[in-house]
Amino acid sequence: MSQHEGLRFGIFLAPFHRVGDNPTLALHRDLELIQWLDHLGYDEAWIGEHHSAGWEIIASPEVVIGVAADRTKRIMLGSGVSSLPYHHPLILAQRFVQLDHMTRGRVMLGCGPGALASDAYMMGIEAETQRTRMDESLTAIMALLEGKAPVTMKTDWFELREARLHLRPYTKGGFPIAVASATTPAGPQAAGKFGLGMLSIGAGLPGGPSKLADAWQTVETEAAKYDRKVSRDDWRLVVNMHCAETDEIAFNDVRVGERMETQSYFSETLGRPPMRSENPLQEGLAAGTTLVGSPDTLKDGIDRLLAYTKGGAGAVLFRCHDWANREATMRSYELFARWVMPRFQGSADAPSDSREWVSENRSGIFGPRLNALRKAFTDTGRDVPDMLKVQVHTGPTKVF
């Protein structure tokens, strides 16, 4: 049994699709992946919002969530993330409350300032204003969701006049909300200030794991300042993952695709943003920010990652990518669900314990039954079949 029993697993679907791939098919593959994960028992899927640069082609998480909700049964669906400076807070809050009703409580709101500078540039939003705008938007959204009184608020980019939500949230106590955190303290500060969860995207970046404990300490410190309650169960770590039967197969599956993503997108398109290395696969494998290998390798990697948190987290999310081909990618999630998830969720403990108990006590359990079967033959004067001429014991099999 893992010390992190109860850990949830899911995906962070930006998505990352190489330029030249049929975008229509790519979007439908994203939906099919969410359906597959729902079938496999994954807990969460967070869907991104981007508007430029060619690779991350989902513009509206809400649209994807609406379609995916109709095709799935239990997986939670969130925006990963909604860029708050791009939206009027009343409209965004209304949309997620509506989704909360339409999904019957399976929606989550992920919040961030906007990751792609090119998105903000096209909308005339200055980079230095994005985090301030996120804070202002969250202030408005939380007041609207709380619903204690109409909200009147004016900033230099939006205004609310006696605003109230058209619907109350479907989820009792409100749907889950989390703030993205990459490299700066702004994300942890916002999570603590508003008493929200945190999406640690920086966990999958070079040097990111070593900063996890400090990031959560910032969340708790800020929460105390504002008399808020926060829980590690609402903390999610985002890393890269690919699982195969062996380490060698897993590495060969992703080697070419990862190199193409790094060179074409992060280097040639984005100019290698801060914290993005020249060789993220090798450095990530060494640092534990990228988990590529067999089920045993991945299990050990997650244990090491969680150790950096100094207390644990609620979920590990895998950043979706096209590093491997489609068949290997889908099989990766299946292998992980079959052979790794049970070690953290306790679902395989009872069968294992039952097997061990029977094995350790097989002589006393099965011995009398074999004797009874033998007696059934000898009492009628018949020879005992060879298949019954074995002795149940705890050592090597003996024939008498």
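Just so it is clear, none of the values below were taken in a lab; they were calculated from the coordinates. The shown structure was predicted, so the numbers you read here are calculated from the model rather than taken from an experiment. Glycine gets a Cβ as well: all are built from the backbone with ideal geometry, and neighbour counts include every protein chain shown.
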Original post:
Among the aspartates and glutamates, which have Cα under 16 Å from the Cα of residue 375 when same-chain residues fewer than 8 positions away are ignored?
Top reply: 383, 386
**OP:** Compare the Cα positions of 215, 189, 239 along the charge dipole of the stretch 187-247 (+1 at Cβ of Lys, Arg; -1 at Cβ of Asp, Glu; about the Cα centre) and return the one farthest towards the positive end.
**Re:** 189
**OP:** Go ahead and set up a Gaussian network model of the chain, Cα springs under 10 Å, then flag whichever of 167, 99, 109 fluctuates most.
**Re:** 167
Subject >> Packing rank of 40-46, 117-123, where each peptide gets the mean count of other beta carbons within 10 Å, highest leading >> reply: 40-46, 117-123
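Which order, highest average first, do 218-231, 200-213, 300-313, 53-66 follow once you tally other Cβ atoms within 10 Å for each residue and take the mean per peptide? Intermediate results must be reported in sequence, preceding the final value.
Numbers: 218-231: 15.1, 200-213: 21.8, 300-313: 17.4, 53-66: 19.2.
Top of the packing list down: 200-213, 53-66, 300-313, 218-231.
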Original post:
Between residue 228 and residue 210, what length in nm is gained on full extension when 0.36 nm per residue of separation is reduced by their alpha carbon distance?
Top reply: 3.9 nm
**OP:** With springs connecting C-alpha atoms under 10 Å apart, model the chain as a Gaussian network and identify which of 359, 137, 277 has the largest mean-square fluctuation.
**Re:** 359
Original post:
Can you give the charge dipole size of the chain about its Cα centre, rounded to the nearest 20 debye, using +1 on the beta carbon of Lys and Arg and -1 on the beta carbon of Asp and Glu?
Top reply: 1220
**OP:** With everything on Cα atoms, drop me the angle between helix 349-360 and the longest principal axis of the chain, reported from 0 to 90° to the nearest 10.
**Re:** 20
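How long is the gain from residue 149 to residue 300 if the chain were fully straight, where each residue apart is worth 0.36 nm and the alpha carbon distance is subtracted?
Working: separation 151, 0.36 × 151 = 54.36 nm, distance 4.95 nm.
Between residue 149 and residue 300, full extension yields an extra 49.4 nm.
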Original post:
If you average the sequence gap of Cα pairs under 8 Å that are 6 or more apart and divide by the length of the stretch 1-94, what percent do you get for the contact order?
Top reply: 31
Original post:
Put a dot 7 Å past each Cα toward the Cβ at residue 123 and residue 36; how far apart are the dots in nm?
Top reply: 3.2
**OP:** For the chain, set up a Gaussian network in which alpha carbons nearer than 10 Å are linked by springs, and say which option among 376, 286, 127 fluctuates the most.
**Re:** 376
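Hey, which of these cross-link pairs are over 24 Å Cα-Cα: 73/193; 229/310; 172/225; 73/310? Can you show the working numbers first?
On the way: 73/193 33 Å; 229/310 19 Å; 172/225 26 Å; 73/310 34 Å.
Where the Cα-Cα span goes over 24 Å, the pairs concerned are 73/193; 172/225; 73/310.
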**OP:** Could you rank the peptides 362-375, 329-342 by their average count of other C-beta atoms within 10 Å per residue, with the highest value first?
**Re:** 329-342, 362-375
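For the stretch 8-351, give the share of DSSP beta bridges that are antiparallel, in percent and rounded to the nearest 5; count only bridges with both residues there. Working shown, then result.
Details: 3 of 39 bridges.
Roughly 10 percent of the beta bridges in the stretch 8-351 run antiparallel, per DSSP.
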Subject >> Shape of the stretch 77-118, Cα gyration tensor, a/c cut at 1.5 >> reply: oblate
Original post:
If you take the beta carbon distance between residue 279 and residue 102 as r and set R0 to 60 Å, what does 1/(1 + (r/R0)^6) give as a FRET efficiency, to the nearest 0.05?
Top reply: 0.85
